[in-house]
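Working notes, structure below.
The values are calculated or read from the model by the stated rules, or taken from the named source; none is laboratory data. On a predicted model such as this, the values are computed, not experimentally measured, just so you know. Every residue, glycine as well, gets a Cβ built from its backbone with ideal geometry; the counts of neighbours run over all protein chains shown. With ligands, DNA and RNA removed, areas are computed over all heavy atoms of the protein, side chains included. Shrake-Rupley method; radii C 1.70, N 1.55, O 1.52, S 1.80 Å.
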Amino acid sequence: MSKKEELRKLLKAYIHKTQEPELSYSNFRSLLDKYLERYEGELKELASVKNELDVHLPTLLDELGDEGVIEVVPKPDGSKTIRYLEYYRELLEQRYKVVQARSDTPLPSEQNFSVVFPPDIVIPVDVKVDFISYLELGENQPPRILRIQFPDLSKSLLVTTPLLHRVLLEISLQKIRQYLRNQKNATYIQHKLVPLFRGRERILKDQIINVLTKPDLTIQDLMNPTDFIYQFWSQTTSFLLKELLEKKEKLEEENDLAIAAYLVGAYSIFFKGKTTKEKETETALKTLSGYFEKSPYAYTFHDIYGFKDSKGFPLVKKIDNPSLQQFLDNKTTPADPKSLPEIIKVKTVDKKEYFISKTTVARFLLERSFSLFREIRARIIQDWYEALEADEKRKEFKEPQAFEEYALSILKQLDPLFFSLLNFSLLFLILEQVKPNPMEKEFLESVLDRKGKKINPISKIFRLYPEDLLAEAKLKLPFWKTIPILKQIVQFFIRLYSTQPKVSKSKKSAEQTAMTLGTTTASTGEEVPSESPSPSSSERAQRVKFQKTIEALKARYVGPKADIKRELKDLIDLWNTLLDPKAKENLVEDVNSLVRDFLRKLKIAQRYQAPTPERLEKLAEELVAHEALEKIRNKEALKKYIILYMLEVLGKVR
């Protein structure tokens, strides 16, 4: 036993012996020394520090005070009094045991005790205003003494909070049962209730019999009320109060009956509200569960907070946070180590957390694979086209392993969730435990390498063949760039005539030749110094000038120190008002693709010809007017977004 528990035991024994719940600090300190000498064997922990008690005692008393066992009360003269609070609560709880045993015992009030309850330890509670809020706190609230006050009654009721949940309800029903045991009273109440329960007279009679003969069933019915039970108790207590409150002079038992009627009426309201809330929560959780069977199948916690019922009302308004958290905990916890939970929690490579039902994992992967196939192909072809334009030679063009890593990185960028779900153990268990339909099963089998106990290569899953992709990328190039000898001839003429001082017939002829083959050479009509830089250094100078112009345009639109990516994100929220995260993301990508295609056609980056602000504005206006974007309402925000995105794309040209 700890020092604190020994001190508590000692205080309790002394208070019960003297029946005085308060004693001065100095007297207790003296008594403590005597007790330690006499009962050193029983108070070993305290005895071990008896020479340092003045140091330890204040801390131990503070700890008991935090637990509500005692209270140290300072006096005006500087002395202190120890008030043993448990004494008052135990006194009250003992009286309630007597009331339970003898139903004719008056309900406890301050006038029934010889001990004076200190006003500062008693909390006044209005039965109509505050009582239900104490019931809502439940059984785990700290032990306190309440004085429940009732309208139009001179008597109040003392009770401790641990008794609220059941004991006070039992005693209140006991008082009403005692009243109904008088046949005259039972007949009177039944006569009053019959008009309100037409067609249910037999049920009404049985309920009155249950109240008289089945106390446990009566309590259970009241704590889990049907509409009938709620109406029965609300009407019964209303009739009792109306009759009793009309009396100017009331007997003790009439005051107690009125108190019982007030309390049972409040309990019936509380339990009816609680039952209704539980049913609403249960219905809302069923609706929430249904979302996991619908596209897009996977949801973040933020998405779950956005779920709505059939009437458009947010489900989280009907589910409190503890219930929602418990629901998710239960659903994401497997029944045993070898089983999958009902809902799988997936953390993606971009640090987002998704919830997806185990029954929809295969469906999600299958359905998403169709669009991903197109997206991955389009991304690779475009990327390789740009590489070929820049005369880059990449490993992934020819090396299978390099291509696999490259394709995997693109999948990771396009759909982090899909990438994260490609887990052999998870998909194997899905096949074994969920039993997906034939099409889903066939897809999962194509994903899994059972022999190697791993996921098949991405190129195999999405049927990506480097030679085909490279061929498609080359188709986007000008014709002359696809034939090596023509490419060399054109590049020769470009290098040859780009250094001539004057525009001549032969230069024009070269220009015409290049144009015929799919390109143009810049001609300004100005003389160029004979000692002009080499083509490579000239191109570098153009790139530097191009980048400086783009940076200047960025500074013009967002400021020199602003973060253009943050500006783009803020603008998206202004013009893209879609609620579904996936649909919103797809719309942004559609706009971005439209902008990139537009820039490619203009060949701004290839020519290193940075647009002027006026030209940039005009280009953005043309895109805003595009038929694919006509449904977007906030045109100004969209226009600014397009301008900044064009600058972001052009800023990456090197």
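Kindly indicate the residue of segment 1-24 that is among the basic types (Lys, Arg) and farther than 17 Å from TYR88 by Cβ and also least open to solvent (accessible area, probe 1.4 Å) among those meeting that condition.
Just the residues of segment 1-24 that are among the basic types (Lys, Arg), to begin with: 3-4, 8-9, 12, 17.
Subset that is farther than 17 Å from TYR88 by Cβ: 3-4, 9.
Working: LYS3: 57, LYS4: 42, LYS9: 111 Å².
The residue in question is LYS4.
Please determine, by comparing only the residues of segment 535-573 that are part of a loop (DSSP other than H, G, I, E, B) and open to solvent by less than 60 Å² (accessible area, probe 1.4 Å), which one is modelled with the highest pLDDT. Don't jump to the end; show me each part of the working.
Kept after step one, since they are part of a loop (DSSP other than H, G, I, E, B), are these residues of segment 535-573: 559-563.
Still in the running and open to solvent by less than 60 Å² (accessible area, probe 1.4 Å): 559, 562.
Details: GLY559: 76, ALA562: 73.
Here the answer is GLY559.
Criterion first (loosely packed, with under 15 Cβ neighbours inside 10 Å and either of a type in the set (Val, Ile, Thr) or more than 21 Å from GLU440 (Cβ to Cβ) (or both)) does VAL361 satisfy it? Full working, then the answer.
Numbers: loosely packed, with under 15 Cβ neighbours inside 10 Å: no; either of a type in the set (Val, Ile, Thr) or more than 21 Å from GLU440 (Cβ to Cβ) (or both): yes.
No; evaluated as a whole, the condition is false for this residue.
Does segment 145-186 hold any residues that are free of Cβ contacts under 8 Å to residues at least 12 places away in the same chain and either aromatic (Phe, Trp, Tyr) or within 20 Å of TYR230 (Cα to Cα) (or both), and which are they?
None - no residue of segment 145-186 is free of Cβ contacts under 8 Å to residues at least 12 places away in the same chain and either aromatic (Phe, Trp, Tyr) or within 20 Å of TYR230 (Cα to Cα) (or both), so the list stays empty.
For segment 574-590, how many residues are assigned to a helix (DSSP H, G or I) and closer than 14 Å to GLU636 by Cβ?
Applying the first criterion (assigned to a helix (DSSP H, G or I)) to segment 574-590 yields 574-575, 581-590.
Remaining after also requiring closer than 14 Å to GLU636 by Cβ: 574-575.
The qualifying residues number 2.
Considering segment 618-637 alone, what residues qualify as being part of a helix (DSSP H, G or I) and more than 14 Å from PHE598 (Cβ to Cβ)?
Initial filter on segment 618-637 (part of a helix (DSSP H, G or I)): 618-624, 627-629, 635-637.
LYS635, GLU636, ALA637 - these are the residues of segment 618-637 that are part of a helix (DSSP H, G or I) and more than 14 Å from PHE598 (Cβ to Cβ).
For segment 229-245, what are the residues that are surrounded by fewer than 19 Cβ atoms within 10 Å (Cβ to Cβ) and in contact with a Phe, Trp or Tyr (Cβ under 8 Å, 6 or more places away or on another chain)?
Residue satisfying the conditions is GLN231 alone.
Quickly run through segment 246-275 and pick out the residues that are buried (at least 16 other Cβ atoms within 10 Å of the Cβ), touching an Asp or Glu at 6+ places or on another chain (Cβ under 9 Å) and touching a residue at least 60 places away in the same chain (Cβ under 8 Å).
ALA258, PHE270
Looking at this structure, is ASP152 over 42 Å from the mean Cα position of the chain (by Cα), exposed (fewer than 14 other Cβ atoms within 10 Å of the Cβ) and on the phi > 0 side of the Ramachandran plot? Break it down into steps so the answer makes sense when it comes.
Values: over 42 Å from the mean Cα position of the chain (by Cα): yes; exposed (fewer than 14 other Cβ atoms within 10 Å of the Cβ): yes; on the phi > 0 side of the Ramachandran plot: yes.
Yes, satisfied.
Hey, does segment 390-412 have a residue that's closer than 30 Å to PRO581 by Cβ, free of Cβ contacts under 8 Å to residues at least 40 places away in the same chain, out of contact with any strand residue (DSSP E or B) (no Cβ under 9 Å at 6 or more places or on another chain) and among the acidic types (Asp, Glu)?
First pass over segment 390-412, keeping only residues closer than 30 Å to PRO581 by Cβ: 404-412.
Keeping just the survivors that are free of Cβ contacts under 8 Å to residues at least 40 places away in the same chain gives 405-406, 409-410.
Add one more test, that the residue is out of contact with any strand residue (DSSP E or B) (no Cβ under 9 Å at 6 or more places or on another chain), and what stays is 405-406, 409-410.
Keeping just the survivors that are among the acidic types (Asp, Glu) gives 405.
Yes, that holds for at least one residue.
Could you tell me how many of the residues in segment 414-428 are without any contact (Cβ under 8 Å) to a residue 12 or more places away in the chain and in contact with a Phe, Trp or Tyr (Cβ under 9 Å, 6 or more places away or on another chain)? Give the derivation first.
Step one: list which residues in segment 414-428 are without any contact (Cβ under 8 Å) to a residue 12 or more places away in the chain, which gives 425.
Next, only the ones that are in contact with a Phe, Trp or Tyr (Cβ under 9 Å, 6 or more places away or on another chain) stay: none.
Final tally of qualifying residues: 0.
Based on what the data block shows, is SER133 assigned to a helix (DSSP H, G or I), surrounded by 13 or more Cβ atoms within 10 Å (Cβ to Cβ) and either among the small types (Gly, Ala, Ser) or touching a Lys or Arg at 6+ places or on another chain (Cβ under 7 Å) (or both)?
Values: assigned to a helix (DSSP H, G or I): yes; surrounded by 13 or more Cβ atoms within 10 Å (Cβ to Cβ): no; either among the small types (Gly, Ala, Ser) or touching a Lys or Arg at 6+ places or on another chain (Cβ under 7 Å) (or both): yes.
When the stated conditions are applied, SER133 does not pass them.
Just checking, does segment 109-116 include any residue being more than 20 Å from SER156 (Cβ to Cβ) and in a loop (DSSP other than H, G, I, E, B)?
Our first condition is that a residue be more than 20 Å from SER156 (Cβ to Cβ); within segment 109-116, this holds for none.
No, that holds for no residue.
Residue by residue through segment 92-104, note down the ones that are assigned to a helix (DSSP H, G or I), open to solvent by 50 Å² or more (accessible area, probe 1.4 Å) and touching a residue at least 12 places away in the same chain (Cβ under 8 Å). Walk me through it before giving the result.
Let us first name the residues in segment 92-104 that are assigned to a helix (DSSP H, G or I), namely 92-101.
Pick out the ones that are also open to solvent by 50 Å² or more (accessible area, probe 1.4 Å) and you get 93-95, 97-98, 100-101.
Across segment 92-104, the qualifying residues are GLU93, ARG95, GLN100.
Which of the residues spanning segment 297-327 are more than 24 Å from LEU417 (Cα to Cα) and among the hydrophobic types (A, V, I, L, M, F, W, C)? Reasoning before the result, please.
Of segment 297-327, the ones more than 24 Å from LEU417 (Cα to Cα) are 309-323, 326.
Within segment 297-327, PHE313, LEU315, VAL316, ILE319 qualify.
Would it be correct to say that ASP66 is among the charged types (D, E, K, R), under 50 Å from the mean Cα position of the chain (by Cα) and either exposed (fewer than 11 other Cβ atoms within 10 Å of the Cβ) or farther than 24 Å from ALA266 by Cβ (or both)? Full working, then the answer.
Details: among the charged types (D, E, K, R): yes; under 50 Å from the mean Cα position of the chain (by Cα): yes; either exposed (fewer than 11 other Cβ atoms within 10 Å of the Cβ) or farther than 24 Å from ALA266 by Cβ (or both): yes.
Considered against the rule, which asks whether it is among the charged types (D, E, K, R), under 50 Å from the mean Cα position of the chain (by Cα) and either exposed (fewer than 11 other Cβ atoms within 10 Å of the Cβ) or farther than 24 Å from ALA266 by Cβ (or both), ASP66 comes out as yes.
Take the residues of segment 160-216 that are among the hydroxyl-bearing types (Ser, Thr, Tyr) and in a helix (DSSP H, G or I): which is surrounded by the fewest Cβ atoms within 10 Å (Cβ to Cβ)? First the steps, then the outcome.
Taking segment 160-216 first, the residues among the hydroxyl-bearing types (Ser, Thr, Tyr) are 160-161, 172, 179, 187-188, 213.
Okay, now just the ones that are also in a helix (DSSP H, G or I), so 161, 172, 179, 187-188, 213.
Details: THR161: 21, SER172: 25, TYR179: 19, THR187: 12, TYR188: 14, THR213: 10.
Taking the candidates together, the pick is THR213.
Please indicate, with yes or no, whether at least one residue in segment 311-325 is farther than 30 Å from TYR188 by Cβ and over 18 Å from the mean Cα position of the chain (by Cα). Walk me through how you get there before you give the answer.
Of the residues in segment 311-325, the ones farther than 30 Å from TYR188 by Cβ are 311-325.
Next, from what is left, pick out any that are over 18 Å from the mean Cα position of the chain (by Cα): 311-312.
Yes, there is a match, as at least one residue in segment 311-325 is farther than 30 Å from TYR188 by Cβ and over 18 Å from the mean Cα position of the chain (by Cα).
Among what's in segment 105-119 and is of a type in the set (S, T, N, Q) and surrounded by 15 or more Cβ atoms within 10 Å (Cβ to Cβ), pick the residue that is nearest to PHE28 (Cα to Cα). So that I can check it myself, show each step before the final result.
Let us first name the residues in segment 105-119 that are of a type in the set (S, T, N, Q), namely 105, 109, 111-112, 114.
Retained after the next criterion (residues that are surrounded by 15 or more Cβ atoms within 10 Å (Cβ to Cβ)): 105, 109.
On the way: THR105: 37, SER109: 31 Å.
For segment 105-119, the residue satisfying everything is SER109.
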